[in-house]
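To start, the structure under review is shown below, and the notes come after it.
Readers should treat all values here as calculations from the given coordinates under stated rules, not as data from a laboratory. It should be emphasised that the depicted structure is a prediction, and the values quoted were computed from it without experimental measurement. Note that each Cβ is placed from the backbone with ideal geometry, even for glycine, and that neighbours are counted across all protein chains shown.
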Amino acid sequence: MKNIVVLGSTGSIGTQTLEIVRYHKDIRVLALAAGSNIDLLEAQAREFLPDLVCVWDQEKARELAGRLKDVPVKVCAGMDGLLEAASMEQADMVVTAVVGMIGIRPTIAAIEAGKDIALANKETLVTAGHLIMPLAKEKGVKIYPVDSEHSAIFQSLKGEDSARISRILLTASGGPFRGWTREQMKDVKPEDALKHPNWFMGRKITIDSATMVNKGLEVMEARWLFDVDFDRIEVVVQPQSVIHSMVEFLDGGIIAQLGTPDMKLPIQYALYEKERKSLPGDRLDFKTLGKITFEAPDFVNFPGLALAYQAGRTGGSAPTVFNAANEWAVSRFLDRKIGFLAITDLIGEAVERHYVIENPTVEQILDCEAETYEFLNGKVF
């Protein structure tokens, strides 16, 4: 029986991971970690009986410990708790589904402990890919992507020579405002941006999809996962979200992975290390689908994608600033403190003013994040 740790167990990816565990009944959950949703975390702890539960919020951790006095589980808190969970001796795989750069240190700890990674925390590779990928290779650790697009690429490469890649075709739905101009988007409210046409995801990633910043982050993540330069990563808008991504090879052949927009498929593919197992859910019906269409991405009205390519090509600490500015701006937008268009405006401003560090350490990455927050906190809106 495989033993796993789930970091971010109360979020969209975490809860779907546990649905798969519940369905197959052949994986043991050793540890669960969440931010502050202790009601759901308590229910998960009582169902899966992990050895350890971690809550990021210290006060919430104390409250949860009181609630779980009748359950033989250790409750810990903060970064120390995440690091302990990520490096548990009995664990075979760590599912990194926390949101944001908080995932960097636990992912490194898991790799150093020799644990395979089911990677749903894209910020880890966006900001620290130059550290993560060489470390994984050194430790003999496998990284299985959980993003639907990166999983599709991963599946398309099965049995193929990755050195023969000509292009990665990274598909995008276009989000809820596909085809809109910036003028049309100037008065967009959070409730509008949270209405994704195809996918049910967490709030932050849904806003990222609406700005197309998420696709930019995926471009930067793909660069590290598949060891290709940015000129060979092309974004293609595929509004039906049926083709999850494609790989073109040197001979012109293209292999794609198709399916319904269901995150449980890439999660399960990672959990079982590429083994195909049964999975309940809808199936793609080509008779009723009718057509699959494609469009070029709109870099003018969705400048977040262009900024991501710019930050990725610059490299060093630039992707960290891009990511940190986006996290800050999305949070403020969801709190109705800034407008929708301000998200990408602030990203551009933060990246433009930043003095790039070529090969940042983890400490320098986290310092860049803090400095970006400090700069944006000093602005008046």
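Points worth noting:
- Flagged links, alpha-carbon separation over 21 Å, of 337/379; 74/139; 2/139; 74/277; 60/122; 122/142: 74/139; 74/277; 60/122
- Förster radius 22 Å - calculated FRET efficiency between residue 227 and residue 294 (Cβ-Cβ, nearest 0.05): 0.25
- Assuming charge only on the beta carbon of Lys and Arg (+1) and of Asp and Glu (-1), the dipole of the range 267-329 about its Cα centre is about 260 debye to the nearest 20.
- Alpha carbon Rg of the range 208-331, scaled by the compact-globule rule 2.2 N^0.38 Å: 1.20
- Residues residue 22 and residue 167, FRET efficiency given R0 of 45 Å [Cβ-Cβ distance, rounded to 0.05]: 0.70
- Estimated 222 nm signal from helices in the chain, with DSSP H stretches of n ≥ 4 weighted -39500 (n - 2.57), rounded to 500: -14000 deg cm²/dmol
- Dipole-positive endmost among 23, 377, 302 within the chain (Cβ charges, Cα centre): 23
- For the range 48-75 versus the range 120-159, the inter-centroid distance based on Cα atoms is 30 Å.
- Candidate aspartates and glutamates - alpha carbon under 15 Å from residue 115, same-chain residues fewer than 8 apart omitted: 84, 89, 92, 138, 273
- With the simple model of a label 7 Å out from the Cα in the direction of the Cβ, residue 195 to residue 373 spans 3.3 nm.
- Spatial extent of the range 76-125: Rg and Dmax, with the Cα atoms as the point set, Å: 9.7, 26
- Computing Rg and the Kirkwood Rh from the Cα coordinates of the range 17-139 gives a ratio, Rg/Rh, of 0.97.
- Rounded to the nearest Hz, the phi-derived 3J(HN,Hα) couplings of the range 115-123 under the Karplus curve 6.51 cos²θ - 1.76 cosθ + 1.60 (θ = phi - 60°) are 8, 5, 10, 9, 9, 10, 9, 5, 4, where x marks glycine and proline.
- Approximate spin-label separation residue 254-residue 46, in nm, with each point projected 7 Å along Cα-to-Cβ: 5.1 nm
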